[in-house]
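Asks: Sharing a structure here in structure tokens format.
The values are calculated or read from the model by the stated rules, or taken from the named source; none is laboratory data. Note that this is a predicted model, so its numbers are computed, not measured. Here the Cβ positions follow ideal geometry from the backbone for every residue, glycine too, while neighbour counts run over all protein chains shown. The protein model used for the area step is the full one, side chains on, heavy atoms only, and it has no ligands, DNA or RNA in it. Shrake-Rupley method; radii C 1.70, N 1.55, O 1.52, S 1.80 Å.
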Amino acid sequence: DTGVSQDPRHKITKRGQNVTFRCDPISEHNRLYWYRQTLGQGPEFLTYFQNEAQLEKSRLLSDRFSAERPKGSFSTLEIQRTEQGDSAMYLCASSRRGDGINQPQHFGDGTRLSIL
Amino acid sequence: GQQLNQSPQSMFIQEGEDVSMNCTSSSIFNTWLWYKQDPGEGPVLLIALYKAGELTSNGRLTAQFGITRKDSFLNISASIPSDVGIYFCAGQALFGNEKLTFGTGTRLTIIP
């Protein structure tokens, strides 16, 4: 099957600019997740969707961050007024609905954001 | 944010050696997963564990879900060059609680 696809793979922008990332999940997966990974650390959870509903948001997701999944398929993550501390790899993952167990999450290759 | 304790942080081994790493948490998890990440890529799922005490293999990889539900172990037998990378454990607390909490990672290097 086609895996999780993220676009762009790299984004370089100046501080204060807005950026938007896209994630296309595995086609039969109805759950979609966003994580952030900084150098030398494991990924940290940001938010997740079941179909088009955003069901959980981390405290890491400040009001400058917004995520959408309007039709329950692809998702976008927007960061407004970027700051130096936003530099990280932004990872998207998807999973299908579980039948009494947590279905494993499969990750894309991420978007690496660099703030100048 | 919270990160699980993973050890060792790094390993330098020779090709053909066996590898062991572990992950501990202060809280209980109902699901443990192990991922491998290569530079510039996303984590790739290796093994998923769903029951305390469960031992699961995937080729040369074997992982165990600790009985206390607060730890997990990954073993790699007869390491080969493509095993190089960073290994992450991840836990999920409850069914329906979708957040994965990741470990700090174990970097595996194979010495020629």
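Asks: Can you tell me which residue in the stretch B:78-96 is nearest to the chain's Cα centre (by Cα), limited to those that are polar (S, T, N, Q) and open to solvent by less than 50 Å² (accessible area, probe 1.4 Å)?
Replies: B:Q92
Asks: Just checking: which of the strands (runs of 3 or more DSSP E) contained wholly in the stretch B:43-112 hold 2 or more residues that are within 14 Å of chain A (Cβ to nearest Cβ) and touching a residue at least 60 places away in the same chain (Cβ under 8 Å)?
Replies: It comes to B:85-92, B:106-111.
Asks: Looking at the stretch A:95-116, which of its residues are among the hydrophobic types (A, V, I, L, M, F, W, C) and more than 20 Å from B:W32 (Cβ to Cβ)?
Replies: Residues satisfying the conditions are A:L113, A:I115, A:L116.
Asks: Right, here's the next one. Examine the stretch A:79-93 for a residue that is at pLDDT 95 or above, open to solvent by 50 Å² or more (accessible area, probe 1.4 Å) and over 24 Å from B:Q3 (Cβ atoms), and state whether such a residue exists.
Replies: Checked against the condition, which is being at pLDDT 95 or above, open to solvent by 50 Å² or more (accessible area, probe 1.4 Å) and over 24 Å from B:Q3 (Cβ atoms), the stretch A:79-93 yields at least one hit.
Asks: When residues of the stretch A:15-33 are filtered for being of a type in the set (S, T, N, Q) and either under 21 Å from A:E44 (Cα atoms) or open to solvent by less than 20 Å² (accessible area, probe 1.4 Å) (or both), how many remain?
Replies: Result for the stretch A:15-33: 2.
Asks: So which strands (runs of 3 or more DSSP E) are wholly in chain A and hold at least 2 residues that are within 13 Å of chain B (Cβ to nearest Cβ), free of Cβ contacts under 8 Å to residues at least 12 places away in the same chain and in contact with a helix residue (DSSP H, G or I) (Cβ under 7 Å, 6 or more places away or on another chain)?
Replies: Result: empty, no element qualifies.
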